[in-house]
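Comments concern the structure below.
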2 protein chains.
Amino acid sequence: MQATPQISQNKKADSCADCPIQHRAVCAYCEKTELLMLEAMKSYKTYNAGETIIMAGDEMEFVGSVVTGVASLSQTMEDGRRQMVGLLLPSDFVGRPGREYAAFDVEATTSVTLCKFARRPFEKMLEQTPRLRERMLEMALDELDAAREWMLLLGRKTAREKISSLLMIIAKRQNTLVQIEQASNLKFELSLTREAMADYLGLTLETVSRQINALKKDGVISLEKKRHVVVKDVNRLLNETGDDADGGYFT
Amino acid sequence: MQATPQISQNKKADSCADCPIQHRAVCAYCEKTELLMLEAMKSYKTYNAGETIIMAGDEMEFVGSVVTGVASLSQTMEDGRRQMVGLLLPSDFVGRPGREYAAFDVEATTSVTLCKFARRPFEKMLEQTPRLRERMLEMALDELDAAREWMLLLGRKTAREKISSLLMIIAKRQNTLVQIEQASNLKFELSLTREAMADYLGLTLETVSRQINALKKDGVISLEKKRHVVVKDVNRLLNETGDDADGGYFT
DNA sequence: AGTAATAATTGATCCAGATCAAGTCGCCCT
DNA sequence: AGGGCGACTTGATCTGGATCAATTATTACT
C-alpha cells in the first residue's frame with residue numbers, strides 16, 4: 001500500500017504573515033495588547049555556526065525562538081558521547097518556562113538568529129495569557145510526538161533507515177506538502193555536518209558517510225555538493241525509512 | 001564527584017490526598033465547581049495484564065490517567081520491530097487532547113486501572129479552565145524531558161548502562177527520595193517482562209537477561225524473584241548508568 | 001596561489017549485541 | 001501429582017556498525 005507522502009505538521013503553516021513576531025509560540029496570538037507587550041520585550045541576537053548558545057547547567061535568562069538557521073539541543077556524557085535530542089529550525093522554541101537552569105546544551109549548527117524574551121517577564125506574561133499557554137502546550141505536544149518518532153529511530157532502525165529518515169524529516173520541514181508531492185526532483189540543503197547527523201542518529205560519522213554514499217550509489221539520492229541533496233524519487237526514499245507508507249499522524 | 005542520588009521530579013508529591021481524583025492532571029486543581037464537573041465526567045475501567053487499551057489508528061474516545069498498575073506506549077514497525085516510547089505509571093496521562101486518532105499503541109503491562117474522561121467534554125473543559133491547561137503543559141514538558149533522557153539512553157548507552165538506567169528510573173518512580181537516600185537495601189518490584197524491558201531499551205530480551213544476570217553476578221543487585229530486585233548499594237548502581245553522579249534536572 | 005585547518009571519504013579490523021537454538025524454571029490448571 | 005505454557009536463561013555463532021588509521025576534498029586565511 002504505497003500512498004503519497006504526507007506531511008503531518010507543517011509548522012510554517014502556523015505562522016501568520018502579518019504578525020511581526022515571526023515564531024510559532026506567539027505568532028498566532030495576535031491580540032493587540034499582549035502583542036505590544038511582546039513587541040516591547042523581544043530582542044534579536046545572531047550566533048555564528050558552531051557557537052554555543054546555552055550550556056547545560058547555565059542559568060536561563062531568556063527563552064525565545066529560532067527565526068533563521070538551525071540549532072541543536074544535545075546531551076553529552078562525561079566520556080564525550082553525545083546525543084542530539086532536539087533539532088531546532090525556524091519557529092521552534094528554545095527554553096522551558098519555569099526552568100531556572102538549562103538541562104541541555106544548545107548550539108548553533110548554522111548561523112542562527114534567535115528572537116529572545118527575558119525569561120521572567122515571559123513567564124509572567126504566560127501566566128496572564130491563556131492563549132499563549134495553549135500555544136505552548138500545543139508545541140510541547142508536537143515536540144513530544146517528534147521525540148517519540150525519534151525514539152523508534154534510535155532504538156530500532158538500521159543505519160540506512162536512520163539516514164533515510166533524517167533526510168525525509170529535513171526535506172519535510174524545509175518544503176511544503178505541495179512541493180514534496182510534485183517533486184520528482186526534490187532538492188534541499190542539508191545544513192548539518194556528518195558529525196551532527198551522527199549525533200542526531202546515534203551513529204558514528206563514518207557510518208553516516210558510508211550510508212549516504214550507499215544511498216547515492218543505489219540511485220536513491222544524489223549530491224550536488226556534500227551538503228546539498230537531490231532526491232530523485234521521494235517514494236523511493238520513503239521506502240527506505242522503514243516507516244509506514246502513509247506515515248505521520250492522524251492529528 | 002560522587003553526590004547523593006537525587007530525585008528530580010517525584011510525581012507522587014504532586015497529588016493531593018484529599019482530592020478524589022487521583023491523578024496528576026486534575027489533582028492539583030481543587031477548585032469546587034470544576035472539580036464537581038470532573039467528578040461527574042469520570043469513570044474507572046480496569047484492564048488485564050497484556051490487554052491492549054488502545055491501538056494506533058483507533059479513534060480516541062477518551063483521555064485519562066493511570067490510577068494503578070503499569071501501562072506502556074509503543075510503536076511497531078511493519079516487520080514487527082517494537083519500541084516502547086512511554087512508560088505509564090500511576091498519575092501519568094493517557095491521550096492527547098485534540099487528537100482524533102491514536103498515534104501509538106497503549107497496552108496494560110500489569111493489570112491497570114484507568115480513570116477516563118470522554119475526550120470531547122474534557123477538551124471543552126480544558127478550553128474553559130486555564131489552570132488545567134497549565135497543568136497539562138507542565139506534564140507535557142516533564143514528559144518531554146524524560147523522552148530526551150531516554151533518547152540519550154537509546155542512542156549512546158551500552159546494554160549494561162541501559163539496564164542500570166532502567167532499574168534506577170523504576171526505583172525512583174516507586175520510592176520517595178528519602179527512601180532512596182537511606183536505602184542501603186532498596187527493594188522494588190520490576191513489573192516488566194524481559195521483553196517489555198527490551199522494548200523499552202532498544203535491545204533483545206536475551207541481552208536484557210544476560211545483563212541483568214551480569215549485574216547480579218557482579219553484586220550490584222540481587223533478585224528475590226525474577227522480577228523483584230534488591231539493590232544493595234544505590235550509588236554503585238547509579239555509577240553503572242553512565243549518568244552524571246548528581247543526575248537529573250536543575251528544576 | 002599556497003597553506004593550514006576542518007570536513008568527508010575510504011579501508012581494515014574488531015566486538016557488542018543480535019540471532020538462532022536448546023534448555024530450564026515457575027505457575028496455573030485440571 | 002503431572003502436564004502444559006509462557007517467561008526466562010544459557011550457549012554458539014554471526015554481523016552491523018564501531019573503531020582505528022590513512023587519505024582526500026573543501027573551505028578559510030594570508
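The values are calculated or read from the model by the stated rules, or taken from the named source; none is laboratory data. Keep in mind the model is a prediction, meaning the values are calculated, not measured. Ideal geometry is used to build each Cβ from the backbone, glycine not excepted, and the neighbour counts take in all protein chains shown. Accessible surface is based on the protein model in full, side chains and every heavy atom, while ligands, DNA and RNA are left aside. Shrake-Rupley method; radii C 1.70, N 1.55, O 1.52, S 1.80 Å.
Here the calculated FRET efficiency for B:Glu206 and A:Ser111, from their Cβ-Cβ distance with R0 = 51 Å, stands at 0.60, rounded to the nearest 0.05. Of B:Lys42/B:Lys172; B:Lys45/B:Lys226; B:Lys157/B:Lys225; A:Lys172/B:Lys116, which ones are farther than 31 Å apart at the Cα? Beyond 31 Å between Cα atoms: A:Lys172/B:Lys116. Centre-to-centre separation between the Cα atoms of segment A:149-178 and those of segment B:114-141: 31 Å. The packing ranking of peptides A:134-140, A:223-229, highest mean first, is A:134-140, A:223-229, where packing means the average number of other beta carbon atoms within 10 angstrom of each residue. Relative to the isolated chain, which residues of segment A:121-141 have their accessible area cut by 20 Å² or more in the presence of all protein chains (1.4 Å probe, heavy atoms, no ligands or nucleic acids)? Residues shielded by partner chains are A:Pro130, A:Arg133, A:Glu134, A:Leu137, A:Ala140, A:Leu141. Each copy carries a label point for A:Arg120 at 7 Å from Cα along the beta-carbon vector; from one copy to the others these points are 4.7 nm apart, nearest first.
Distances between copies at B:Thr52, taken between label points 7 Å from Cα along the C-beta direction, are 4.8 nm in increasing order.
In this structure, the amide hydrogen of A:Phe62, modeled 1.01 Å from its nitrogen in the peptide plane, lies closer than 5 angstrom to those of A:Arg119, counting only residues at least 5 positions away or on a different chain.
Ascending distances from the A:Asn185 label point to its copies in the other chains, with the point 7 Å along the Cα-to-beta-carbon line: 7.4 nm. Taking each residue as 0.36 nm, the span from B:Asn213 to B:Lys225 lengthens on full extension beyond its C-alpha to C-alpha distance by 3.1 nm. Tell me, what is the FRET efficiency for A:Arg236 and A:Glu195 to the nearest 0.05, using R0 = 30 angstrom and their Cβ-Cβ distance as r? According to the calculation, E is roughly 0.65.
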